[in-house]
Ligand SMILES: Cc1ncc(COP(=O)(O)O)c(C=O)c1O
């Protein structure tokens, strides 16, 4: 009997490295500094709100674009933090995490053959969803060790097939927070070539000593920018998968048009609780960032004292090291050996590049309790990290 041929738009997309490395951590008992999820949950009162919503009967389909209380809270959040005034009914859509907003945006806005400019290293759902939409990615590399935007490379990446720029700031995995002048450059290129921009700002509140500037606040950009964020990183509730997209009504409508055939609607009991978090615990993300800053410094100093070249991130909860000095062929080989050698898991970033620029780079997450970071550093110090 012949097997049916599976030829799909997903062809050639490898499984996410996080599944593999988290399984390796579990199998070896390693300290997992791989996947970016905190090991302490967000505000207890917010979790209690979700519990109350479950008990109170919020158990059937929510409206497709999201419950009005959450859409309104998201609009208020954008106004309070960035001075962006949104109509919650037409300029905000709730999604199942930022992940669904990204996928829906690509499916809605990218036609087969369209080119999408994307910062490299990319968050791993970007290439997958661009490919699902039939689009073609055009990477612009953020190069170590500074990981700044190369404006000339961005300009050179534009062609007559370019449909949109997919931006991420603060940027995972490099920790770069784009500066107002870098954003101005993106804006002038987008306006000159009449491009849309989709900007993933899930780490908007997790910056250290630098402000987060949404691209949509740059003059002339609101009309062409779809801004994506979620509750997961800001409130240490990554498992909730409550996200959103905001922007001009026609872009939000496009996301909704795709979303209605993906999930139709997102988790009803979590939405009022997410609204409560945004409205009533507005300072929580800032406190989280202050706390993460200490953990960032603990991890970065520890890694540096092991002889690794460390890039200290301006945002997110990841630090990147260059492991060239240790004699390994690449970061992938290093990360596969690390759980066995040292009992620690980290993520090779080369899988997030089309080019070779990330071959020797390794990402370490610091959204873990300080004791765990210290435990990982102790294990690394006791191990032979050379090839
Ligand atoms: C850059 C970036 N975008 C999106 C996501 C996913 O967000 P969510 O969990 O809200 O789907 C992540 C999670 O790691 C991320 O790092």
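The convex hull around the C-alpha trace of the chain, projected and averaged over every direction, spans 20.4 square nanometres.
Let me have the relative contact order for segment 267-387, percent, based on Cα pairs under 8 Å that are six or more residues apart. Please list the in-between numbers first.
Working: 156 pairs, mean separation 31.7, N = 121.
Relative contact order, segment 267-387: 26 percent.
Put one equal scatterer on each alpha carbon of segment 242-387, apply the Debye formula with no solvent term, and list log10 I(q)/I(0) at q = 0.08, 0.18 1/Å to two decimals. The Cα Debye sum returns log10 ratios of -0.35, -1.00.
With each label modelled as a point 7 angstrom along the Cα→C-beta vector, the residue 262-residue 337 pair spans 4.0 nm.
The C-alpha atoms of segment 168-277 occupy a region whose extents along the principal axes are 42, 35, 23 Å, arranged from largest to smallest.
How many percent of DSSP beta bridges within the chain run antiparallel, rounded to 5?
Working: 20 of 41 bridges.
Among the beta bridges of the chain, antiparallel pairing accounts for roughly 50 percent.
When the Kirkwood hydrodynamic radius is evaluated over all pairs of different C-alpha atoms of segment 68-190, what value in angstrom, to one decimal, is obtained? It is 15.8 Å.
Of the three principal axes defined by the Cα atoms of segment 140-220, the extents in descending order read 37, 27, 19 Å. Between residue 155 and residue 287, full extension at 0.36 nm per residue minus the direct alpha carbon distance yields a gain of 43.8 nm. With a Förster radius of 41 Å applied to the C-beta separation of residue 298 and residue 10, the computed FRET efficiency comes to 0.55. Between residue 250 and residue 210, the FRET efficiency from the beta-carbon distance, with R0 = 30 Å, is close to 0.40.
Based on alpha-carbon atoms only, what is the radius of gyration of segment 170-215 relative to the globular estimate 2.2 N^0.38 Å?
Working: Rg = 11.3 Å, N = 46, 2.2 N^0.38 = 9.4 Å.
Rounded to two decimals, the normalised Rg is 1.20.
How do 166-172, 177-183, 68-74 rank on mean C-beta neighbours within 10 Å, highest first? The partial results should precede the final answer.
Numbers: 166-172: 26.7, 177-183: 18.3, 68-74: 21.7.
Most protected by this proxy first, the peptides run 166-172, 68-74, 177-183.
The fraction of Cα-Cα pairs per 10 angstrom bin, counted from 0 for segment 285-346, comes to 20, 47, 26, 7 percent, rounded to whole percents. Residues considered: 26, 346, 133. Largest GNM mean-square fluctuation over the chain, using C-alpha springs under 10 Å, is found at 26.
Any idea what the relative contact order of the chain is, in percent, if you count C-alpha pairs under 8 Å spaced at least 6 apart? Mind showing how you got there, number by number?
Values: 799 pairs, mean separation 92.0, N = 387.
Normalised by residue count, the contact order of the chain is 24 percent.
Model label sites at residue 279 and residue 193, defined 7 Å from Cα along the beta-carbon direction, differ in position by 4.2 nm.
In percent, what relative contact order does segment 90-181 have, based on Cα pairs under 8 Å that are 6 or more apart in sequence? Don't skip to the answer; put the middle values down first.
Values: 124 pairs, mean separation 27.0, N = 92.
Normalised by residue count, the contact order of segment 90-181 is 29 percent.
Here the gap between residue 69 and residue 223, fully extended at 0.36 nm per residue and compared with their Cα-Cα distance, gives a gain of 53.0 nm.
Order by neighbour count: 217, 2, fewest other Cβ atoms within 10 Å first, most last. Don't skip to the answer; put the middle values down first.
On the way: 217 17, 2 4.
Ranking 217, 2 by Cβ neighbours within 10 Å, fewest first, gives 2, 217.
Considered as an equivalent ellipsoid built on the Cα gyration tensor, segment 12-136 has semi-axes of 29, 26, 15 Å, the largest given first.
Read the figures in this text as sums done on the coordinates, not as results from a lab. Keep in mind the model is a prediction, meaning the values are calculated, not measured. Glycine gets a Cβ as well: all are built from the backbone with ideal geometry, and neighbour counts include every protein chain shown.
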